[in-house]
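J.: Next up is a structure, given as structure tokens.
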Amino acid sequence: MPTVTIDNQAFAAEVDETILQVAARNGVWIPTLCYHAALEPYASCRLCMVEIDRGGWWQMVTACNYPVRRDVTVRVESERAIRARRGVMRLLLARAPESPELRALASRLGVTQTDFPTVTEAEGNCILCGLCVRACEERIGTAAISLTGRGVERKVSAPFGEPSEECILCGSCAAVCPVGTIRLEVHGDEWELVPFGKKGPAQRCAACGAVLTAELVREALARRGPAAVQGILAGEELCARCKRKKLVGQLLAAGGSGAPSAPSER
Amino acid sequence: MKTLVGKFESFTDLEQYRSALKDRAAGVDCVIRVCCGPGCIPKGASKVYEAFRQAAEEADDKTVSVVPKLTGCQGLCECGPIVTLDPGGIFYQHVQEGDVAEIWRESVLGSGVVDRLLHHDEKTGQAARTTEGVPFYQGHQRIALALCGVIDARSIDDYIAAGGYQALAKALGSMKPEEVLDEVYRSGLRGRGGGGFLTGRKWRSAREAHGEPKFVIANGDEGDPGAFMDRALMEGAPHAVIEGMIIGGYAIGSSNGYIYVRDEYPIAVQRLRDAVAKAREMGLLGENILGSGFSFDIRISRGGGAFVCGESTALMASLEGRVGEPRAKYVHTVEFGFRNKPSLLNNVETWANVPAIIGRGADWFAGIGTAKSKGTKVFSLVGKVKNTGLVEVPMGMTLRQIIYQIGGGIRGDRPFKAVQTGGPSGGCIPAAYLDEAVDFDRLTELGSMMGSGGMIVMDEDTCMVNIARYFLRFLKEESCGKCTPCREGIAQMLHILDEIVGGRGTSGDLERLQELAVLLEDTALCALGKTAANPVLSTVRYFRDEYQEHIENHRCPAKECRGLFRYQIDAAACTGCGVCRKKCPVEAITGKKKEPHLIDADKCTNCGTCFDVCRFAAVKKV
Ligand SMILES: Cc1cc2nc3c(=O)[nH]c(=O)nc-3n(C[C@H](O)[C@H](O)[C@H](O)COP(=O)(O)O)c2cc1C
Ligand code: SF4
């Protein structure tokens, strides 16, 4: 088992674990933006830069995708690594100076303001981490949005700039967006994915009327979900509270003693 | 002669075919080589070739046997279209369609020359009959381009007759894969695509890598502005690249080759496609090559149309049909490359050196060049130099030799200011280093790099801040935008440079540029971003004063940055013709007819109209 030594503390690691995984497991904080445990590392934001010892020289690498193959010595809090991470953050702040989420992360990094002017345009504070696109593609299996354009023209967009046909309004992109650029908004019975303009009806609890999910998600699950999911979907659709109520009612009617242990949420 | 029916099935088949070709060539009275390379085509070379071809066809009365050849780049693009004739090695330049009849009469049928089409010495006016008398051709040594410009670029027969595929036969017939690998290793060959990585070492890693199948890939993406080395090679001697790749495949144990060609190179794509098809037809590609039991084939892939597609991981992504974007990986592509399999990527010029190394031996190759840079390098010499063109010289030649001897010096004999080498992420080298030997390490020490071989010569009218800005703007447009430092950092640097050349520079700009340069180098995902600051760093290093003049005094010493110099009328030269007065859009010029005119500096907007319209060069930049 290789040992990863981070700022003089030695940790055991599995082969092919990343430096970030080892650090996170051991409570060492390395800032990230484009990383999500459920997705393949993408290493595009460059915020997780650390130094590793290459025997005589120190190489700057991204912790999120550097695979541990043998013993490795890492410096997270070295002057060079800190300068690099702060530098990247200052560039991001110059791009999206209004983003409260970014500012909060920046201040945790020790960056309270940026001396760089804003020279690139960010739609709704988008910092192009690509999490939304990857969540949609890797996890949902839908490529409803993609990164288009080169260089400073790069942006996240739905095909042809129109609301995507593929999008099922699952909201995964909104859930992973670290700066709140993408939001799933509920207007009465209609859901809207901002800023992509995709709209669709909400599905409600058959008993209490609480909003459950978008109809499209239900349809997509029915279409391509595993058999077990389809079985559930075939039945009555209730929210978690109503489901619990119903279950308790059934148990009581069957003469059960008291409430069952709390059912897990769906 | 023995005409080939079917495929070569043995080494003997190939050799017999070769000697038959040679016999046939011996019966030819005259060979006319018309350069149809990248420089000559736009100047009408195709028509010249066509005229010669027709003349040969019509004159086919069996009294003379004339073979016109359409060749790749012959080098001296400045003076194209170039036509050379054998016997005698007569060298003609600036040949047009209308000159063909005269050349035919004088040099094909007769034994004379057409004097006006010969190269004349700039000073003495003396005519040169062959390339030996043309300074541009002195000091060249062609290895990668050995047959480019010599053989008909479309003909596999020409390639074979000139010794082509002999190295392949040698490798397959008498060497073990390890021996081939060893030979390349010992030759000291380093990658010609930019990094200068030791080719033999890369091959070894590819051979040792686990995973099947393995891939052999040629990088012909050549995206550097103004560069055409690889294009010339692919168009002029496609089989040299193909032969090198087959040998490489044999050495590392791969049967799958790809050539990735820049999308804007349709002729190269066509030549390579035809060459691959022909080689396959003759049994030089495909199953059981020359009866050796070794199989290898090549596919041609058109590039994704972006500069960054030349970067190894982006190239492989593009080959797989995905977006040509670099991937962040700490495992090299020789282990996990194309389709996650071991992939050996070399530049096309690197590949074209391989047949010569196998054919003539590692020792021969290692005997050329400097201690750590072996062999030759192809450069495209452009900019403010008298003879622009394609140059292949031994490593270690000085910049002065290349620029002054081969290049003929600076246009208009103006003072030399700098030479930019290494493509967009290279650097500018000033006059003080003209006597430095050109090799990988020395250029890097000088803050530039070998890159793929672009060489842009600049004279005193070139503003170095503006040059840095030009390259940075190119890189900003070509950055894929995936990673933060490259996308945002280059834009920030460019913003600072825009301010400086606009006369709005402030103290601290140089420090900010330097800080951003370090940040890019430390944090960018791929080499495009990591080296993007080079043009700025090298110009700040050697031309700091010029930056400071812009920033502190709002003056451009080269008088290129509009607004950072003024226009003034030289009273002695002004004839008072009044043209400038009439053309000035803001009526800033006054003066009586036939008397020296005057520019009112307060009204002048520095638009430069007067400078452009004055026929007496009386308007000066000060
Ligand atoms: C932005 C970028 C563009 C590149 N473009 C090319 C190219 O056009 N041709 C090339 O051979 N190498 C190019 N390279 C270098 C390749 O990544 C790779 O190192 C090279 O093809 C390896 O071949 P070699 O070892 O024979 O030089 C480029 C690199 C970068 C970072
Ligand atoms: S360095 Fe530039 S070109 Fe390379 S991945 Fe980053 S943004 Fe793309």
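J.: Report in % the part of the accessible area of chain A that belongs to carbon and sulfur, leaving out ligands and nucleic acids; probe 1.4 Å. If you can, show how the numbers build up before the last one.
T.: Details: 6840 of 13700 Å².
Accessible surface attributable to carbon and sulfur in chain A totals 50 percent.
J.: Going by average Cβ neighbours within 10 Å, how do the peptides B:348-360, B:600-612, A:174-186 rank, with the highest at the top? It would help to have the intermediate numbers written out before the result.
T.: Working: B:348-360: 26.5, B:600-612: 14.0, A:174-186: 17.8.
Highest to lowest by the protection proxy: B:348-360, A:174-186, B:600-612.
J.: Kindly provide the helix-only [θ] at 222 nm of chain A, computed as the sum of -39,500 (n - 2.57) over DSSP H runs of four or more divided by all residues, to the nearest 500 deg cm²/dmol?
T.: On the way: 8 runs with 74 residues, N = 266.
Calculated at 222 nm, the ellipticity per residue is -8000 deg cm²/dmol.
J.: Can you give me the % of accessible surface on chain B that is carbon or sulfur? Probe 1.4 Å, all protein chains present, nothing else counted.
T.: Working: 11830 of 24160 Å².
Here it works out to 49 percent.
J.: Mind checking the angle between helix A:215-224 and chain A's longest principal axis? C-alpha axes, 0 to 90 degrees, to the nearest 10.
T.: Its long axis makes an angle of about 80 degrees.
J.: What accessible area, summed over both chains, is buried at the B-A interface (1.4 Å probe, Å², nearest 100)?
T.: Details: alone 25590 and 15030 Å², together 37850 Å².
Summing both chains' loss of accessible area gives about 2800 Å².
J.: When you look at the Cβ of every residue in A:38-46, what mean number of other chain Cβ atoms sits within 10 Å?
T.: Values: counts 0, 0, 0, 1, 5, 7, 11, 6, 13.
So the per-residue partner count for this stretch is 5.
J.: Dipole of the protein assembly as shown, Cα-centred, from +1 at each Lys and Arg C-beta and -1 at each Asp and Glu C-beta, to the nearest 20 debye? All intermediate terms of the calculation are to be shown ahead of the outcome.
T.: Details: 107 positive and 108 negative charges, 280 e Å.
Roughly 1340 debye, rounded to the nearest 20.
J.: Which residue, chosen from B:12, B:83, A:203, occupies the Cα position most advanced towards the positive end of the dipole of the protein assembly as shown, where the dipole is computed from +1 (Lys, Arg) and -1 (Asp, Glu) charges on Cβ about the Cα centre?
T.: A:203
J.: Here's a follow-up. Per residue, how many Å² of accessible area does chain B show with a 1.4 Å probe? Could the numbers behind the result be given before it?
T.: Details: 24160 Å² over 622 residues.
Normalised by residue count, the accessible surface of chain B is 39 Å².
J.: Here is a further query. To the nearest 20 debye, what charge dipole does region A:1-116 have about its Cα centre, counting +1 at the Cβ of each Lys and Arg and -1 at the Cβ of each Asp and Glu? Could you put the intermediate results ahead of the total?
T.: On the way: 14 positive and 13 negative charges, 66 e Å.
Once rounded to the nearest 20, the dipole reads 320 debye.
J.: If packing is taken as the mean number of other Cβ atoms within 10 Å per residue, what is the order of B:422-432, B:217-227, highest first?
T.: Working: B:422-432: 22.9, B:217-227: 24.5.
Descending mean neighbour count gives B:217-227, B:422-432.
J.: Still on this structure, I have one more. Averaged over peptide B:487-497, how many Cβ atoms belonging to another chain are found within 10 Å of each residue's Cβ? Write out the running numbers ahead of the final one.
T.: Working: counts 10, 15, 6, 3, 9, 9, 1, 2, 6, 3, 0.
Average per residue, whole number: 6.
J.: If you take the charge dipole of the protein assembly as shown about its Cα centre, with +1 on Lys and Arg Cβ and -1 on Asp and Glu Cβ, which of B:423, A:104, A:146 is farthest toward its positive end?
T.: A:104
J.: Please give the residues from region A:140-160 for which the solvent-accessible area of heavy atoms, probe 1.4 Å, is smaller by at least 50 Å² with all protein chains in place than with the chain isolated.
T.: A:150, A:151, A:152, A:154
J.: What residue among B:39, B:323, B:529 has its Cα farthest toward the positive end of the dipole of chain B, where the charges are +1 on Lys, Arg and -1 on Asp, Glu, each on the Cβ?
T.: B:529
J.: Calculated FRET efficiency, residue B:212 and residue A:38, Cβ-Cβ r, R0 30 Å, to nearest 0.05? Mind dumping the intermediate values first?
T.: Values: r = 32 Å, r/R0 = 1.06.
Efficiency, from the Cβ-Cβ distance: 0.40.
J.: Can I ask one more? What percent does the relative contact order of chain A come to when contacts are Cα pairs within less than 8 Å and at least six residues apart? Can you show the working numbers first?
T.: Numbers: 430 pairs, mean separation 28.9, N = 266.
Once divided by the residue count of chain A, the mean separation gives 11 percent.
J.: Related question: How many partner chain Cβ atoms sit within 10 Å of a residue's Cβ in peptide A:120-130, on average, as a whole number?
T.: On the way: counts 7, 0, 1, 0, 0, 0, 0, 2, 6, 1, 1.
The shielding value for this peptide is 2.
J.: Shifting gears a bit: Please give the net charge around residue B:480, taking every other residue with its beta carbon less than 10 angstrom from that of residue B:480, where Lys and Arg add +1 and Asp and Glu add -1.
T.: Numbers: positive: A:150, A:154, B:482, B:487; negative: B:311, B:325, B:478.
That sum, taken over residues with Cβ under 10 Å, equals +1.
J.: Please work out the Kirkwood hydrodynamic radius for the protein assembly as shown, using every pair of different C-alpha atoms, and report it in angstroms with one decimal place.
T.: Computed over Cα pairs of the protein assembly as shown, the Kirkwood hydrodynamic radius comes out at 31.6 Å.
J.: Continuing with this model, one more query. Could you name the aspartates and glutamates whose alpha carbon sits less than 17 Å from that of residue B:374, not counting residues in the same chain fewer than 8 places away?
T.: B:182, B:183, B:349, B:363, B:392, B:436, B:439, B:441
J.: What value, in deg cm²/dmol to 500, does the helix sum -39500 (n - 2.57) over DSSP H runs of n ≥ 4 give at 222 nm once divided by the residues of chain B? Intermediate values should be presented prior to the final figure.
T.: Values: 22 runs with 216 residues, N = 622.
The helix contribution divided over chain B gives -10000 deg cm²/dmol.
J.: Also: Using a 1.4 Å probe and ignoring any ligands, DNA or RNA, find the accessible area of residue A:42 and quote it in Å² to the nearest 10.
T.: Result for residue A:42: roughly 40 Å² accessible.
The values are calculated or read from the model by the stated rules, or taken from the named source; none is laboratory data. These numbers come from a predicted model, not from an experiment. We place every Cβ from the backbone using ideal geometry, glycine too, and count neighbours over all the protein chains shown. SASA here: full protein model, heavy atoms, side chains in, ligands and nucleic acids out. Shrake-Rupley method; radii C 1.70, N 1.55, O 1.52, S 1.80 Å.
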